[in-house]
1. How high is the relative contact order of segment 76-207? Use alpha-carbon pairs under 8 Å, at least six apart in sequence, and give a whole percent.
2. Can you compute the radius of gyration and Dmax for segment 1-125, using only the Cα atoms, both in Å?
3. Provide the per-residue ³J(HN,Hα) series for segment 174-184, in order, calculated from phi with Karplus coefficients 6.51, -1.76, 1.60 and θ = phi - 60°, each as a whole number of Hz, with x at glycine and proline positions.
4. Per residue, how much accessible area does segment 14-83 show when a 1.4 Å probe rolls over the protein heavy atoms, in square angstrom?
5. Grab the Cα-Cα distance for LYS53 and LYS161, subtract it from 0.36 nm times how many residues apart they are, and report the gain in nm with one decimal.
6. What is the local net charge at LYS132, summed over the other residues whose Cβ is closer than 9 Å to its Cβ (Lys, Arg +1; Asp, Glu -1)?
7. List every residue whose amide H lies under 5 Å from the amide H of THR57, counting only residues 5 or more places away in sequence or on a different chain, with H placed 1.01 Å from N in the peptide plane.
8. What is the chain's relative contact order, in percent, from Cα pairs under 8 angstrom and six or more apart in sequence?
Amino acid sequence: MTKKYGMVIDLHRCVGCGACDLACKSENNTPVGINWASHTTETYGVFPKVSYKHTPTLCNHCEDAPCVRVCPTHAMHKTDEGFVVHDPSICIGCKSCMLADPYGVIFFNKEHAFLDFATDTSSAVKDGTFSKKELSDKAKAPFPNFNAARGADGYEAVRRKGAVEKCSFCNHRVAKGLSPACVVACPADARIFGDLNDEKSKIATTLRAHKPTVLLPEKGTNPKVFYIREYN
Ligand code: SF4
Ligand code: SF4
């Protein structure tokens, strides 16, 4: 049977540390302001009786993905294994996918990302701090935390100006038998990634043992990111 990938996020385990967000940025070279992985924090109660609800967010890799349906060039497309992925080489930047996406997890690159690391020679403290260009030169990379392997996997290491970008469930890593970067980085083991079609997989047994929820179920998108054990 073909694999169908999904993710479970255990809200009892998530401590809202943001390690997943940072791991995603490093893995996928996302620029400032573009966060494929993020999280919201809601506060309940009145001091000193306060509680927090952290909800990690990312592309939901919906079965009935509205962004895929409206894309005129098939740049946004769904693979047989259930990944909703994007091909920047045929994206015309029309933003139809962004308008159709109810989750706000597709981003538009209006500038050439990280170009300032090649051009900005100003420093915050003259002769005291490095400029962006000096940092980039010392790191011998387009920008200091550049993950060159991201480009070696058949994807553009940095997405181009005028195109959109979004979480790919790290399918370049999954193809090599690895888990998505956010899953590996989580110190609380709050994220489970795997094959929903394998009834013995950890994700399938976890989903059977709990009553999962999804974000915006009323939109009928059939998300493949599930949440379990909500506190509030
Ligand atoms: S790394 Fe894990 S614990 Fe930290 S915010 Fe992300 S999901 Fe929650
Ligand atoms: S912005 Fe690109 S991916 Fe989005 S709908 Fe237009 S062509 Fe498709």
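1. Numbers: 149 pairs, mean separation 29.7, N = 132.
Relative contact order, segment 76-207: 22 percent.
2. Over segment 1-125's Cα set, Rg and Dmax evaluate to 18.1, 60 Å.
3. 4, 4, 9, x, 9, 8, x, 4, 5, 5, 5
4. 50
5. Details: separation 108, 0.36 × 108 = 38.88 nm, distance 3.53 nm.
Fully extending the segment from LYS53 to LYS161 adds 35.3 nm.
6. So the surrounding residues net to -2.
7. SER38, HIS39, THR40
8. That works out to 32 percent.
The values are calculated or read from the model by the stated rules, or taken from the named source; none is laboratory data. Bear in mind the structure is a predicted one, so any value in this text is a computation, not a measurement. A quick note on method: Cβ atoms are made from the backbone with ideal geometry, for glycine too, and the neighbour counts reach across all protein chains shown. All accessible areas refer to the heavy atoms of the entire protein, side chains included, with ligands and DNA or RNA removed. Shrake-Rupley method; radii C 1.70, N 1.55, O 1.52, S 1.80 Å.
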